[in-house]
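Heads up, the thing below is written out as structure tokens.
A short reminder: the numbers here are calculations on the coordinates, not readings from a lab. Please read all numbers here as calculations on a predicted model, not as lab measurements. Quick reminder, even Gly has a Cβ in these numbers, built from the backbone with ideal geometry, and neighbours come from all protein chains shown.
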Amino acid sequence: MAALEHLSERDKAVLRSIFDPTATIGDVVEDEGDSFAEEEPEPSTDAYKESSSLCAQGVRLAEAGKLEEALELITRGVEAAPDRAASYNDRAQLLRLMQRDDEAMSDLDRALQLTAGHKSRARALALCQRGVLLRKRGNDDDARTAFNEAALLGSSFAKKQVVEMNPYAALCNQMLSQVMRGEKDITL
């Protein structure tokens, strides 16, 4: 290991990714975090404030394991400001936890409609959740598209998913790993 002491953290990460084909460089290099563009604050209307408050209460209930009660509050938050994308994101996440993926996808579709043309954090979050659901359904092509857009908007999670889903990188890592282990039969 003394020979590795002179290597940078990034070089060490690359080596780890070679020996573990499921690892990505993003998994082992310090995350730089999200870099969302500056966006306009939400309107300060009573409806938006009520929606935000109800959704925050719902999130706290969900964290306490009270999912049905949380769903009621977040739904009230959606109803209070039906044009607030963040409410749909919150409810979609809760619905995913409740294994109600079709309903979650409907909320994500609505959040994406509301944020069309915007480079917002709410859009990036909806795209990430959509990507996760699509990937769960085995639709990797559409998931990759969602993660690509979210990555362009500044989501570090999406950037990691794009790298992880790159079939060429995974194949290359697998082949390098086999070579490093000295395996005779390398399969492509």
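Ranked by the mean number of other Cβ atoms within 10 Å of their residues, highest first, the peptides 73-86, 94-107, 132-145 come out as 73-86, 94-107, 132-145.
Only Lys, Arg, Asp and Glu carry charge here, each on its Cβ (+1 for the first two, -1 for the last two); on that basis region 42-114 has a dipole of about 160 debye about its Cα centre. Put a plus charge on the Cβ of each Lys and Arg, a minus charge on the Cβ of each Asp and Glu, and nothing anywhere else: the dipole of region 80-126 about its Cα centre is then about 260 debye. For an R0 of 30 angstrom, estimate the FRET efficiency from the Cβ-Cβ distance between D142 and H118 and round to the nearest 0.05. FRET efficiency, D142 to H118: 0.90. Among Y48, T75, G65, pick out the residue whose Cα is farthest towards the positive end of the charge dipole of region 42-114, where Lys and Arg carry +1 and Asp and Glu carry -1 on C-beta, about the Cα centre. It is G65. Charge tally around L71: other residues with Cβ under 14 Å, Lys/Arg +1 each, Asp/Glu -1 each, net -2. Charge tally around Y48: other residues with Cβ under 12 Å, Lys/Arg +1 each, Asp/Glu -1 each, net -2.
A simple rule links phi to the HN-Hα coupling: the Karplus curve 6.51 cos²θ - 1.76 cosθ + 1.60 with θ = phi - 60°, which for region 143-157 gives 5, 4, 4, 5, 5, 4, 5, 5, 5, 5, 7, x, 7, 5, 4 Hz, with x for Gly and Pro.
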